[in-house]
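Engineer: Could you have a look at this structure, given as structure tokens, before my questions?
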Amino acid sequence: MKQVMIDVSRCLGCKSCELACAVVHSESKSLIGSVFEKKKPKKRVCVETGDKITFPLQCRHCEDARCIDACMSGAMFRDAETQTVQVNPDRCVGCWMCVMVCPFGAISQQREENTVIKCDRCVNEDVPACVQACPTKAIKFIEIDAFSRDKRNQYLINFRFAEEGK
């Protein structure tokens, strides 16, 4: 199964992924249209900036999802078809247990609706919007084994260039 994977060395912190996420979850599905919507669309990915690093963070759809276990109302669930962790806002009671147990901080409050919001991996799209919008290809929708192989190959290339430069 493909996962959204991040190459942190390529992330510029441009927040194109945040914008694309909000737009794809808007009623109009367009940038201009979403600006004029009564209910403003919300992003489900957050670009975090730390010590010399930027990182787009979204739900990891964990195999052993603590948020599902912590959800007393059954609002958090694993979709049987896509195997992604989803939230049913109609069942959410706003207890924030999922927010507290998520090890990545990938679940956010929607105070005005008394629900939570998180990445749904754009289940109605072939490729998540954040992946499509990333200008540097820091965000990839790829099999984990392929991502690991690419990282190993990049390490070997960098090692070779370092050896040639000595």
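The values are calculated or read from the model by the stated rules, or taken from the named source; none is laboratory data. Being a predicted model, the structure only gives us computed values, none of them experimental. Backbone-built Cβ (ideal geometry, glycine too); neighbour counts: all protein chains shown.
Engineer: Across region 134-166, what is the number of residues that are of a type in the set (Gly, Ala, Ser) and in a helix (DSSP H, G or I)?
Structural biologist: From region 134-166, those of a type in the set (Gly, Ala, Ser) are 138, 146, 148, 162, 165; that's our starting set.
Okay, now just the ones that are also in a helix (DSSP H, G or I), so 146, 148, 162.
Matching residues across region 134-166 total 3.
Engineer: Let me ask you something else. Of all residues in region 52-78, how many are crowded, with 20+ Cβ neighbours inside 10 Å and either more than 15 Å from the chain's Cα centre (by Cα) or of a type in the set (Gly, Ala, Ser) (or both)?
Structural biologist: So the count comes out to 5.
Engineer: May I ask you to list the residues in region 124-139 that are surrounded by 12 or more Cβ atoms within 10 Å (Cβ to Cβ) and at pLDDT below 95?
Structural biologist: Passing the criteria: only Glu125.
Engineer: Output the qualifying pairs, or none if there are none: Cβ atoms under 6 angstrom, residues six or more apart or on different chains, first residue in region 112-140 and in contact (Cβ under 8 Å) with a residue 40 or more places away in the chain and among the charged types (D, E, K, R), second residue assigned to a loop (DSSP other than H, G, I, E, B) and surrounded by fewer than 21 Cβ atoms within 10 Å (Cβ to Cβ).
Structural biologist: That search, which allows pairs on different chains as well, returns Arg121/Thr84.
Engineer: Can you report the number of residues in region 100-118 which are surrounded by 16 or more Cβ atoms within 10 Å (Cβ to Cβ), within 17 Å of Glu63 (Cα to Cα) and in contact with a strand residue (DSSP E or B) (Cβ under 8 Å, 6 or more places away or on another chain)?
Structural biologist: Result for region 100-118: 3.
Engineer: Of all helices (runs of 4 or more DSSP H) completely enclosed by region 1-111, which ones contain at least 2 residues that are in the same structural domain as Ala129 (by TED's automatic domain parsing) and among the β-branched types (Val, Ile, Thr)?
Structural biologist: Working: elements: 16-24, 31-35, 66-70, 97-101.
Counting at least 2 such residues, we get 16-24, 31-35.
Engineer: Working only within region 60-84, note down all residues that are within 22 Å of Glu18 (Cα to Cα) and out of contact with any Lys or Arg (no Cβ under 6 Å at 6 or more places or on another chain).
Structural biologist: Within region 60-84, Arg60, His61, Cys62 meet the criteria.
Engineer: Before we move on, is Val127 part of a loop (DSSP other than H, G, I, E, B) and of a type in the set (A, V, I, L, M)?
Structural biologist: Yes; evaluated as a whole, the condition is true for this residue.
Engineer: Being without any contact (Cβ under 8 Å) to a residue 40 or more places away in the chain, out of contact with any strand residue (DSSP E or B) (no Cβ under 8 Å at 6 or more places or on another chain) and crowded, with 16+ Cβ neighbours inside 10 Å narrows it down to one of Lys15, Lys43, so name that one.
Structural biologist: Lys43
Engineer: Determine, yes or no, whether Glu37 is among the acidic types (Asp, Glu), closer than 22 Å to Ala129 by Cα and touching a Pro at 6+ places or on another chain (Cβ under 8 Å).
Structural biologist: Working: among the acidic types (Asp, Glu): yes; closer than 22 Å to Ala129 by Cα: yes; touching a Pro at 6+ places or on another chain (Cβ under 8 Å): no.
So Glu37 does not fit the description; no.
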